[in-house]
Amino acid sequence: MILKENYTLSNGVEIPKLGLGTWFISDDDSVQAVKDAVELGYRHIDTAQAYQNERGVGEGIRTSGVIREDLFVTTKLAAEVKSYDEAVKSINQSLETMGLDYIDMMIIHSPKPWMEFHEEDGHEDGNREAWKALEEAYKAGKLKAIGVSNFQKADIENILESCTVKPMVNQILAHISNTPKELIEYCEANNILVEAYSPIGHGELMKNEEVAKIAESYGVSIPQLAIRYTLQLGLLPIPKTANPAHMKNNADVDFEISAADMETLQNLEQIQDYGDASVFPVYGGKLK
């Protein structure tokens, strides 16, 4: 059963193979969402400073009835935090807001502030400063693992040039029809686990007839096919939902997609329009 399976990060820490995303789940609602997920067997919860629900996620973790050591919680350093002092303050703020003694993993949400996501400036110095703060919190035991999100190859190389601890994950937009092969291969070559957010293409895959046809041939839902697809590529999917029925369905992925179907799904025409989500930078520009 997928909820009982783990990947092992480069530092030996185990991370559950399926996570629950909490983007757009309100601070209050996230308490119940976390508790529902944990009751269903989820052990990996993903949040971010930018989601403004760290307090609720922390409360859900603390009141879930499962011992803290059995749960894996990720949060993200806000994309705008690009100085050492600010990063130190932000890391401590997350611990305080969540009410936790430690956070399992903290990652830099984006190499660039969101308002500058498509601009040239790579914020190399700022990312190295933020990374230094994460390394220190990691070495102090406040964080069990550290990583990045939305980082391209050049962004990761910038960190690798000066770091004392390598990034353990890169969380990126990856799903059927949009699988950045070169970036994934680069991460794997550097022992960086790739996490796939929006594995259902922010819902856009639900409208794809070819995907629907393949899902039907396996007797599964489109979300189940999409989540299984990322798992078979060795990625860690983080589907977002507050609906317990969807949580249950998303975790029921005990089937195998054939090599031929994987090939078809990988080469489907890329989604160009993510609907309402297109206003967010990561959906308006693709990772290579």
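The values are calculated or read from the model by the stated rules, or taken from the named source; none is laboratory data. In this text, all values refer to a predicted model and were calculated from it rather than measured experimentally. Positions of Cβ are generated from backbone atoms using ideal geometry, with glycine treated the same way; all protein chains shown enter the neighbour counts.
Observations
- Residue within region 77-91 that is at pLDDT below 95, acidic (Asp, Glu) and either out of contact with any Asp or Glu (no Cβ under 9 Å at 6 or more places or on another chain) or more than 20 Å from Met168 (Cα to Cα) (or both) present: no
- Residue count for region 85-113, restricted to those that are among the acidic types (Asp, Glu) and touching a His at 6+ places or on another chain (Cβ under 9 Å): 1
- Condition check for Glu195 on (1) in contact with a strand residue (DSSP E or B) (Cβ under 6 Å, 6 or more places away or on another chain); (2) acidic (Asp, Glu); (3) part of a helix (DSSP H, G or I): one failure, at (3).
- Boolean, Ala242 is outside any helix (DSSP H, G or I) and over 15 Å from Ile2 (Cβ atoms): yes
- Being among the aliphatic types (A, V, I, L, M), in contact with a Pro (Cβ under 6 Å, 6 or more places away or on another chain), within 29 Å of Gly41 (Cα to Cα) and at pLDDT 95 or above is a property that holds for Ile227.
- Residue match in region 256-268 (condition: part of a helix (DSSP H, G or I) and within 20 Å of Glu5 (Cα to Cα)): no
- Within the option set Glu96, Glu80, being free of Cβ contacts under 8 Å to residues at least 40 places away in the same chain, surrounded by fewer than 24 Cβ atoms within 10 Å (Cβ to Cβ) and not in a loop (DSSP other than H, G, I, E, B) holds for one residue only, Glu96.
- Scanning region 207-247 for residues that are over 20 Å from Ile15 (Cβ atoms), of a type in the set (Ser, Thr, Tyr) and surrounded by 15 or more Cβ atoms within 10 Å (Cβ to Cβ) yields Tyr218, Ser221.
- Scanning region 5-59 for residues that are more than 15 Å from Met98 (Cα to Cα), among the small types (Gly, Ala, Ser) and free of Cβ contacts under 8 Å to residues at least 40 places away in the same chain gives a single hit, Gly12.
- Flag if Glu39 is assigned to a helix (DSSP H, G or I), modelled with pLDDT of 95 or more and of a type in the set (D, E, K, R): yes
- Region 156-189, residues that are among the polar types (S, T, N, Q) and touching a strand residue (DSSP E or B) at 6+ places or on another chain (Cβ under 9 Å): Asn170, Gln171, Thr179
- From the list Glu136, Glu161, Glu195, the one residue that fits, being surrounded by fewer than 17 Cβ atoms within 10 Å (Cβ to Cβ) and either touching a residue at least 40 places away in the same chain (Cβ under 8 Å) or not polar (S, T, N, Q) (or both), is Glu161.
- Only one entry of His123, His118 meets the criterion of being surrounded by 18 or more Cβ atoms within 10 Å (Cβ to Cβ) and modelled with pLDDT under 95, and that entry is His123.
- Matching residues, region 1-43, being surrounded by 24 or more Cβ atoms within 10 Å (Cβ to Cβ), farther than 18 Å from Ala251 by Cβ and out of contact with any helix residue (DSSP H, G or I) (no Cβ under 6 Å at 6 or more places or on another chain): none
- For region 44-53, a residue qualifies if it is more than 15 Å from the chain's Cα centre (by Cα) and either surrounded by 22 or more Cβ atoms within 10 Å (Cβ to Cβ) or among the aromatic types (Phe, Trp, Tyr) (or both), and exactly one does: Asn53.
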